[in-house]
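*Asks:* Handing you this structure, nothing more for now.
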Amino acid sequence: MTDQIKINVNGSEISSKPDQLIIEACEDSGIHIPRFCWHKRMDPVGMCRMCLVEIETPRGKALVPSCTTKVSEDLVVDTESDVVKKAQEGVLEFLLINHPLDCPVCDKAGECPLQDQTMAYGPGESRFVEDKRHFEKPIPISEIILLDRERCILCARCTRFSDEISGDPLIEFIQRGNKTQVNTFPDEPFRSYFSGNTVQICPVGALTSSSYRFKARPWDLKKVSSTSNCSSVGDSVELNVSQNKMLRILGEDNEFTNQGWLSDKGRYNFEYLHSEKRIETPLLVKNSNKESTINETMELISNEIFTSDNRNISFIVGHNSTNEEYYALNKFVKNLNKVKNGNSVGSINLYLSDDYLYNGFFNDDYSLGEIKDLDSADTIILWAQDIKDNLPTLYLRIKQAVRNGKKLLIFGHTNTAIKQLSEEYYGENIVTNNFEFNVEISDIPNLSKYIDGKDVLAIVGKSSPLQNVNPIFQLVKHLDENSNLKILNCFSKGNTLGALQNLDIVKGLNEFVTEFDSSKKNIVFTVGSNPVNNSIYSHKVKDTLIDADFVVSLDLFKNETTELSDIILPTTTFGEKEGTFTNLEMRTLMQNKILPTPGSALNEWEYWLILSNKMNLLESYETEEELNSMLCKDYIDNGNTPSFDNLNKPSNLDGILNSKTINIEVENVDSTNLEILFVHRLYGDTSSQINSPSISMLGSERFIEMNSATYFGSYMLNSDVVTLIQGNNSIQVNVNINESLPDNLLVVPINRRGFQNLNPEKKVELEAAKSREQLSVT
Amino acid sequence: MSWEKELIDKANEIIEMYPQKRSALGPLLYLAQEKDGYISNDSIVEISNLVGITEVQVKSVASFYSMYKEEQTGKYLLSVCKSISCEINDSRSVIDSVKNFTGLENYETDTEKVFTFEEVECIGACGGAPAVQVNYETVEGLTSEKSVQMCEWLKEERPEIIVADELQEKFGGVKSFDWAIKDNTGTSYSVPGFQNIGTAKEKSQ
């Protein structure tokens, strides 16, 4: 078979890949065929008939749907003939029969394919004089999505998405004929991590999101491309802003990362940007939160660093800074080190606020993979934290790969949600509750069948904060010896890889609490991180911060950490700053600024710059661009370093793969008796989510998981609401039964408040609670 | 759990007949319908757990096909053919007299839950038109008088099991051909009698 075949469209010859659909081949050659149901990331259904074209067949010309007809050599296609035009007019006339004329109050109006195509291809006048069919409108089908069934044209994009792409078909066509409607099952709402995508791909205003309803008109929106901080996949997004308010985030189709899809967290977690609780001026916390100025606080901080001798300085860094900000921080630390000799500063350390940090696979012994290797590998190995909750768009890519015949092998007890996708699920028979191997790796059933001599992509990382990582190293060594292995290091949070690339040496929170020397004077900076919440080390970090002499927090909101600070400095975040982002495959992508900086907030790097200047440690940069060109010097010079200039070239809109040396120094933890498996859920009690009203309730439920043997056997419970007790801690929780879990292991979400003080190695007591109603904290 | 163990066992037997669990959806919906006279939401939850698809996917299938009822039917489902062959053989008078006797409009069920009346498309008995089905057991060659007699008989006798041959003998006229399988036994409630899934009923005499 040749690589390209020739087809004739509207009298001119175009080339096409064999087996391509006519609609795709035409699209690639710039010929637009109208459509509603066809979407390039989903299987065709031929539902709407809008894409009818005329082709020549041995029996004369015929109208065929171009979304279900494949090209063949010398195929003659006419997309503009009178017959085609008549057909398009007819299809539109039928589609409009029951479509309400409520465009003036419809969110989709102005960017509505039905509106646009009616203008371009429609009959112009309606002949329909009868009554239109009516449904109650709109009905909420989940907490964040509303459905207007009158507007629906039955293209099946949403139902296909939920079945094919996200794998949680909670919406379907109900009824038949004129009564056909999309709907959910009663009491079973469309609670999908990916439900927002259906709103984006809906070709009419049938599906709308609660956060964007009636907020703006598409023609009033200012738009810019950017990269989402939601996970380290680095989803490409388009930010939509009107009157300096972020109103909507849309997914952009980046072939290498998210392929157009977003998780609902990535899509709807933005309302916090305009929350009234946002900190906009520096605050002196110990002085009853007195408002201060940048100048005054910078003076205070530089005095603290310089006036007394031999102070230890620690930085606890979060995941939402740009590469430029990490780089500026790193330069600041280097500067501080320079004055060390003046006997002014003790030791200086950088810690990343991530419980899943471990040393990873970054040296040259292993070849690193990319996300697109999922589509070319024979076998995908997964030993990591819950992918669906932590890297939701990577989960979609894995699901797609499995659909295309790749074999998925899962190790451990965290990825139970995608067990049904796996060829082999190596659970409790292979991996103990402490995440160690029960058997020799060479004895694992069927493993050699899937890896020996095969192309393998291993997505590896810590499954649980307290996992000993040696079994991962054993597994990777075994895979490396027996297969053609590529590794995708699984660090899930935001710009973690950017931090690793641009900070010289990074340690974890465990190191922070063990290295903290209370006999010394201590200054702690928390930079866009809230280590007193969301971490298994939270209570220790809290003690440490209480003990520290001077704490400075750079943050957006008051939170558990800032309560213990001396000074809070307001910073900027996603959408308010320009910079670069590095995803988990070390692809660097652009984050663009579209919103003004709130109040007197500054970018993190500006604080480091001011502090440097205050201390006469003169810096040679004044803008993000200058920082960016400085940090690019450390990348491998292959002619395409991730500079702003290069990233803004049209050929690099999908990002630039480039690497830097990475140094992590994290001690291995060794827990021998895990009773509680801490996991990180997609939705939680983070300040950003709590302050985004549309999604704030999604992370409020307190629940734990266990299998029914543990539930009925060990705990002898029969209530699905229980009180969890360990020492002085007690918390009411819902119980979800998950049969994929091993016996005697409780799964607990660490990013929801109330669980941080539990000791994972001590058994917990469970008591049936009296009330069966759903418990949630408001 | 809305389904008794006996019914779940029966469902599992049916599921085993298919290479994929979800292929058993059709027969399982009939089991649900035989249980309640319609497909209840409780049954849908039960079936979705049994075959491993979501509730709304079950609902989608159940609401698509008109032989799966969304509302409870009466003890006897009267399906009167309104298609062309019956129409030209005066099915209109049969329809009218059945409607008149039961007092029901299309798809209605009486308050005592004895009859459900529906006009249906071709039931494949053109040779013996006009034809009627009672709980999917076919009677051919009916007249308006015979159909009223049949309804009266059903109302008075309240037979548990309906057998086509018996109805034909009592009320039928011209029969197209001997189409029924030899050991046709009969049905109860608004579910067709399938030997292999156990909805065909033996009349005890």
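The values are calculated or read from the model by the stated rules, or taken from the named source; none is laboratory data. Computed from a predicted structure; not experimentally measured. Reconstructed Cβ throughout: ideal geometry from the backbone, glycine too, with neighbour counts over all protein chains shown.
*Asks:* Just to be sure I understand, how many residues within the stretch A:210-247 are over 22 Å from A:R41 (Cα atoms) and either β-branched (V, I, T) or assigned to a strand (DSSP E or B) (or both)?
*Replies:* Of the residues in the stretch A:210-247, 9 are over 22 Å from A:R41 (Cα atoms) and either β-branched (V, I, T) or assigned to a strand (DSSP E or B) (or both).
*Asks:* Find the residue count for the stretch A:152-209, including only residues that are away from every other protein chain (no Cβ under 11 Å) and part of a strand (DSSP E or B).
*Replies:* 3
*Asks:* Sticking with this structure for a sec: Could you say whether any residue in the stretch A:475-484 is among the hydrophobic types (A, V, I, L, M, F, W, C) and surrounded by fewer than 18 Cβ atoms within 10 Å (Cβ to Cβ)?
*Replies:* To start, the set of residues in the stretch A:475-484 that are among the hydrophobic types (A, V, I, L, M, F, W, C) comprises A:475-476, A:479.
This time we only want the ones that are surrounded by fewer than 18 Cβ atoms within 10 Å (Cβ to Cβ), so: none.
Within the stretch A:475-484, not a single residue is among the hydrophobic types (A, V, I, L, M, F, W, C) and surrounded by fewer than 18 Cβ atoms within 10 Å (Cβ to Cβ).
*Asks:* What about A:D378, is it touching a strand residue (DSSP E or B) at 6+ places or on another chain (Cβ under 7 Å), surrounded by fewer than 19 Cβ atoms within 10 Å (Cβ to Cβ) and not assigned by TED's automatic domain parsing to the domain that holds A:F516?
*Replies:* Answer is yes for this residue.
*Asks:* Read through the list (1) within 20 Å of the chain's Cα centre (by Cα); (2) surrounded by 17 or more Cβ atoms within 10 Å (Cβ to Cβ), then give the number of the only condition that A:M697 fails.
*Replies:* (2)
*Asks:* How many residues does the stretch B:28-84 hold that are within 14 Å of chain A (Cβ to nearest Cβ), over 12 Å from the mean Cα position of the chain (by Cα) and surrounded by 18 or more Cβ atoms within 10 Å (Cβ to Cβ)?
*Replies:* Total meeting the criteria: 19.
*Asks:* Can you give me the ranges of the strands (runs of 3 or more DSSP E) entirely in the stretch A:10-103 with at least 2 residues that are touching a residue at least 40 places away in the same chain (Cβ under 8 Å) and on the phi < 0 side of the Ramachandran plot? Explain how you work it out, then say what you get.
*Replies:* Working: elements: A:12-16, A:52-57, A:60-65, A:76-78.
Those strands (runs of 3 or more DSSP E) span A:76-78.
*Asks:* Next question, about the same structure. Out of the stretch B:10-24, which residues are more than 26 Å from B:K75 (Cβ to Cβ), away from every other protein chain (no Cβ under 12 Å) and not in a loop (DSSP other than H, G, I, E, B)?
*Replies:* Within the stretch B:10-24, B:N12, B:E13, B:I15, B:K21, B:S23, B:A24 meet the criteria.
*Asks:* Going by what's in this entry, would A:V224 be described as crowded, with 22+ Cβ neighbours inside 10 Å, under 25 Å from the mean Cα position of the chain (by Cα) and away from chain B (no Cβ under 14 Å)?
*Replies:* No, not satisfied.
*Asks:* Go through the stretch A:668-778 and tell me which strands (runs of 3 or more DSSP E), entirely inside it, have 2 or more residues that are closer than 27 Å to A:Q420 by Cα and at pLDDT 85 or above. Step through it out loud before you land on a result.
*Replies:* Details: elements: A:676-679, A:703-706, A:721-726, A:729-737, A:746-749, A:765-768.
By residue number, A:676-679, A:703-706, A:729-737, A:746-749.
*Asks:* While we're here: Would you point out which residue out of A:S242, A:S231, A:S210, A:S275 is among the polar types (S, T, N, Q) and under 30 Å from A:C490 (Cβ atoms)? If you could, list the steps in order and put the result at the bottom.
*Replies:* Values: A:S242 fails: under 30 Å from A:C490 (Cβ atoms); A:S210 fails: under 30 Å from A:C490 (Cβ atoms); A:S275 fails: under 30 Å from A:C490 (Cβ atoms).
Only one candidate passes the filter, namely A:S231.
*Asks:* If A:Q689 satisfies every condition in (1) surrounded by 18 or more Cβ atoms within 10 Å (Cβ to Cβ); (2) over 23 Å from the mean Cα position of the chain (by Cα) but one, which is the exception?
*Replies:* Single failed check for A:Q689: (2).
*Asks:* Looking at (1) under 30 Å from A:T198 (Cβ atoms); (2) exposed (fewer than 13 other Cβ atoms within 10 Å of the Cβ), which one does A:C37 not meet, given that it meets all the others?
*Replies:* With (1) under 30 Å from A:T198 (Cβ atoms); (2) exposed (fewer than 13 other Cβ atoms within 10 Å of the Cβ) applied to A:C37, the lone miss is (2).
*Asks:* Of the conditions (1) away from chain B (no Cβ under 13 Å); (2) over 30 Å from A:A401 (Cβ atoms); (3) surrounded by 20 or more Cβ atoms within 10 Å (Cβ to Cβ), A:I144 satisfies every one except a single condition; which number is it?
*Replies:* With respect to (1) away from chain B (no Cβ under 13 Å); (2) over 30 Å from A:A401 (Cβ atoms); (3) surrounded by 20 or more Cβ atoms within 10 Å (Cβ to Cβ), A:I144 is out only on (2).
*Asks:* Would you say A:V129 is more than 14 Å from every other protein chain (Cβ to nearest Cβ), more than 27 Å from the chain's Cα centre (by Cα) and either assigned to a helix (DSSP H, G or I) or under 30 Å from A:G60 (Cα atoms) (or both)?
*Replies:* no
*Asks:* Here is a follow-up. What tally of residues in the stretch A:255-270 results from selecting those that are assigned to a loop (DSSP other than H, G, I, E, B) and either of a type in the set (F, W, Y) or surrounded by fewer than 23 Cβ atoms within 10 Å (Cβ to Cβ) (or both)?
*Replies:* Qualifying residue count, the stretch A:255-270: 6.
*Asks:* Can you tell me which residues in the stretch A:104-126 are of a type in the set (S, T, Y) and either in a helix (DSSP H, G or I) or at pLDDT 95 or above (or both)?
*Replies:* Initial filter on the stretch A:104-126 (of a type in the set (S, T, Y)): A:118, A:121, A:126.
Answer for the stretch A:104-126, where residues must be of a type in the set (S, T, Y) and either in a helix (DSSP H, G or I) or at pLDDT 95 or above (or both): A:T118, A:Y121.
*Asks:* Given the conditions (1) in contact with a Leu (Cβ under 8 Å, 6 or more places away or on another chain); (2) farther than 30 Å from A:N744 by Cα, report the number of the one that A:R403 does not fulfil.
*Replies:* Evaluating A:R403 over (1) in contact with a Leu (Cβ under 8 Å, 6 or more places away or on another chain); (2) farther than 30 Å from A:N744 by Cα leaves (1) as the failure.
*Asks:* Can you go through A:N628, A:N603, A:N646, A:N658 and tell me which one is surrounded by 15 or more Cβ atoms within 10 Å (Cβ to Cβ), within 21 Å of A:G498 (Cα to Cα), touching a helix residue (DSSP H, G or I) at 6+ places or on another chain (Cβ under 6 Å) and in contact (Cβ under 8 Å) with a residue 40 or more places away in the chain?
*Replies:* When all the criteria are applied, what remains is A:N628.
*Asks:* For the stretch A:380-460, which fully contained strands (runs of 3 or more DSSP E) count at least 2 residues that are closer than 24 Å to A:I737 by Cβ and either at pLDDT 95 or above or small (G, A, S) (or both)?
*Replies:* Output list reads A:407-411, A:424-426.
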